[in-house]
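The values are calculated or read from the model by the stated rules, or taken from the named source; none is laboratory data. Worth saying up front: this structure is predicted, and the values here are computed from it rather than measured. Cβ sites come from the backbone with ideal geometry, for glycine too, and all protein chains shown count toward neighbours. Note: accessible area is taken over every heavy atom of the protein model, side chains too, but ligands, DNA and RNA are not part of it. Shrake-Rupley method; radii C 1.70, N 1.55, O 1.52, S 1.80 Å.
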Amino acid sequence: MCPRPLVTGDRRCSNGWVNSPLPDRDRSSPDDGGAPVGRRLVLAMLGLGAAGVVAAPVLQRTLEDGLGAVADKDPTGLTGLLPNGGGFRYYSVTTSVPEKTAADYRLTVDGLVDRPATYTLDSLKALPQTRMVRDVQCVTGWRVPETPFEGVRLSALLDAAGVRPGAKAIRFTCFDGAYSESLTLEQASRPDVLVATRMRDEPLAHAHGGPIRLYVAPMYFYKSAKWLSGITVTDSVRPGYWEELGYDVDAWVGRSNGRDDAPTV
Amino acid sequence: MTSTPGSAGPTAATTPPPSDPSPRVRRFTTAERLVHRATAWLVLICVATAACLYVPQLAELVGRRRLVVTVHEWSGLLIPVPLLAGLASRALRADLSRINRFGPHDRRWLRAALRRDHAPGSRPAGKFNAGQKLYAAWTAGAVLVMLGTGLLMWFTGLAPLVWRTGATFVHDWLALALGVVVAGHMAKALADPEARRGMRTGSVERLWARSEHPLWRETEE
């Protein structure tokens with residue numbers, strides 16, 4: 001049988017256990033009394049969470065400064081796993097992405113152009129290269145400062161192909177089989193839009209969209225389609241993969257997607 | 001000297017069999033175990049999908065970002081549901097109130113745990129020891145914070161941008177802390193087969209209950 005506790009003290013009093021005259025404390029059930037510490041802890045966590053949301057901008061800056069300094073000297077790469085530990089995050093919308101090398105990589109330029117073309121990796125690298133160093137800003141919040149990109153200006157490829165009158169936009173397709181992007185012809189003609197061959201002064205790695213990716217410096221990074229394989233000139237903007245899912249087509253950093261990040265250009 | 005069973009004579013076959021030296025005592029009802037199991041699966045799915053969204057190597061391996069995001073959102077949203085449904089059980093409500101209350105023995109338990117004191121009698125505990133109480137309350141609070149910040153990130157129209165950025169910050173760091181704490185919870189369970197049996201079958205050995213939870217007024221099965 002389970003003996004019921006002898007309740008003699010005022011159990012709502014926080015020091016009830018200390019002062020209440022429990023002559024036979026051993027026999028009372030210790031599970032029934034005491035302070036509601038559990039409830040207080042739950043409420044404290046809720047308060048801390050709310051305070052964290054409010055204080056996040058300050059906390060984040062402090063942490064980024066500290067972690068950034070550590071990450072620069074971290075040989076294990078473990079700091080890269082910490083939130084906002086600096087660096088890129090890998091997003092792919094498909095299960096796996098084939099690897100392409102100089103032997104089998106091709107980039108086609110077609111659509112409303114006079115001279116459709118197919119480029120190999122070597123032929124792209126042989127064209128005049130432009131190097132830019134800007135911040136990379138992802139629409140999910142992370143930002144990587146001063147990242148060098150190098151490649152052929154998209155406008156140069158479009159000029160070589162001869163854009164026909166009536167063309168309004170460009171559609172980009174990727175050899176992952178699913179991703180797509182878009183730019184207006186005016187956006188595509190900007191000098192800070194590259195068909196990138198190098199990133200961080202190294203050949204583009206597969207994980208970063210290599211061997212060739214788009215680089216749209218003034219826009220959120222989802223515009224910079226990885227694993228670029230097709231450039232098609234069209235008569236209207238066709239929203240890309242994430243844009244079909246609600247992201248802005250004109251994705252200027254700091255002026256779209258409801259965000260106010262500092263512009264990257 | 002008192003007589004022992006079987007000593008009365010050669011007709012021992014007619015006497016009742018000797019009682020189990022360590023009878024089992026009831027620790028959790030079926031409802032409680034179902035709530036635990038459902039919550040555990042939801043948390044595991046939520047943590048696994050979080051890892052696939054977050055750890056670059058796993059993200060690279062798994063891909064399919066939209067699907068993973070959807071599974072993560074829904075498993076996370078559903079985590080409180082089993083417990084809320086379980087509130088219909090009187091036994092579960094009674095255990096919740098045991099977990100909520102801290103007595104002086106809980107402070108002694110915590111002090112002994114902090115000193116790594118394993119001496120017999122140094123860690124008095126009722127049905128739940130102070131560590132289990134703290135774990136339960138902390139994770140309950142943390143899960144609610146994850147839920148709130150997660151909803152802010154999910155439904156971007158709910159709040160202004162600064163809130164969303166702040167929610168992302170809290171969600172990321174608290175996820176890391178929760179991951180460590182839940183891993184600790186599983187490590188503790190792995191180290192104690194009888195505790196696991198209690199959650200799996202609902203009952204534990206009386207000897208185990210007496211040594212691990214000496215102040216618990218257990219009921220026999």
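Evaluate the following for B:Ala59: is it under 30 Å from A:Val93 (Cα atoms) and modelled with pLDDT of 90 or more? Here the answer is no, as B:Ala59 does not meet what is asked.
Comparison of B:Arg123, B:Arg200, B:Arg196, B:Arg111 shows that the only residue that is open to solvent by 40 Å² or more (accessible area, probe 1.4 Å), farther than 26 Å from B:Leu42 by Cα and part of a helix (DSSP H, G or I) is B:Arg111. Just need a number here: residues in the stretch B:211-221 that are surrounded by 15 or more Cβ atoms within 10 Å (Cβ to Cβ) and either in a helix (DSSP H, G or I) or small (Gly, Ala, Ser) (or both). Final tally of qualifying residues: 1. Suppose we filter the stretch B:58-108 for residues that are at the interface with chain A (Cβ under 9 Å from one of its Cβ atoms), over 23 Å from A:Ala44 (Cα atoms), of a type outside the set (Val, Ile, Thr) and crowded, with 18+ Cβ neighbours inside 10 Å; how many remain? Count: 2. When the criteria are applied in full, B:Ala140 meets the requirement of being facing another protein chain (nearest Cβ under 7 Å) and either over 29 Å from B:His72 (Cβ atoms) or part of a helix (DSSP H, G or I) (or both). Determine if the stretch A:128-147 includes at least one residue that is at positive phi, modelled with pLDDT of 90 or more and open to solvent by less than 60 Å² (accessible area, probe 1.4 Å). Taking every residue of the stretch A:128-147 in turn, none turns out to be at positive phi, modelled with pLDDT of 90 or more and open to solvent by less than 60 Å² (accessible area, probe 1.4 Å).
The rows are residues; the columns are (1) of a type in the set (Phe, Trp, Tyr); (2) within 16 Å of A:Asp260 (Cβ to Cβ); (3) modelled with pLDDT of 90 or more; (4) more than 14 Å from the chain's Cα centre (by Cα).
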{"site": "B:Leu144", "(1), (2), (3), (4)": "no, no, yes, yes"}
{"site": "B:Gly150", "(1), (2), (3), (4)": "no, no, yes, yes"}
{"site": "B:Thr156", "(1), (2), (3), (4)": "no, yes, no, yes"}
{"site": "B:Ala159", "(1), (2), (3), (4)": "no, yes, no, yes"}
{"site": "B:Trp163", "(1), (2), (3), (4)": "yes, yes, no, yes"}
{"site": "B:Thr168", "(1), (2), (3), (4)": "no, yes, no, yes"}
{"site": "B:His171", "(1), (2), (3), (4)": "no, no, yes, yes"}
{"site": "B:Val182", "(1), (2), (3), (4)": "no, no, yes, no"}
{"site": "B:Leu190", "(1), (2), (3), (4)": "no, no, yes, no"}
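Filtering the stretch B:160-167 for residues that are more than 7 Å from chain A (Cβ to nearest Cβ), closer than 12 Å to A:Val53 by Cβ and outside any helix (DSSP H, G or I) leaves a non-empty set.
The residues in the stretch A:91-119 that are open to solvent by less than 70 Å² (accessible area, probe 1.4 Å), of a type outside the set (Gly, Ala, Ser), over 13 Å from A:Ser229 (Cβ atoms) and more than 14 Å from chain B (Cβ to nearest Cβ) can be counted, and the count is 2. Of the numbered criteria (1) farther than 21 Å from A:Tyr222 by Cα; (2) open to solvent by 30 Å² or more (accessible area, probe 1.4 Å); (3) outside any loop (DSSP other than H, G, I, E, B), the one A:Leu124 fails is (2). In the stretch B:99-149, what residues are charged (D, E, K, R) and in contact (Cβ under 8 Å) with a residue 40 or more places away in the chain? B:Lys127 - this is the single residue of the stretch B:99-149 that is charged (D, E, K, R) and in contact (Cβ under 8 Å) with a residue 40 or more places away in the chain. Within the stretch B:126-137, the set of residues being outside any helix (DSSP H, G or I) and more than 7 Å from every other protein chain (Cβ to nearest Cβ) comprises B:Phe128, B:Asn129.
Just the residues that are assigned to a loop (DSSP other than H, G, I, E, B) and among the charged types (D, E, K, R), please, taken from the stretch A:220-248. A:Lys226, A:Asp235, A:Arg238, A:Asp248, listed by residue number. Counting only residues that are outside any helix (DSSP H, G or I) and open to solvent by 70 Å² or more (accessible area, probe 1.4 Å), the stretch B:33-57 holds 0 of them. Taking the stated definitions as given, is B:Arg90 more than 23 Å from B:Arg210 (Cβ to Cβ), of a type outside the set (A, V, I, L, M) and out of contact with any His (no Cβ under 9 Å at 6 or more places or on another chain)? Taking the combined requirement at face value, the residue satisfies it.
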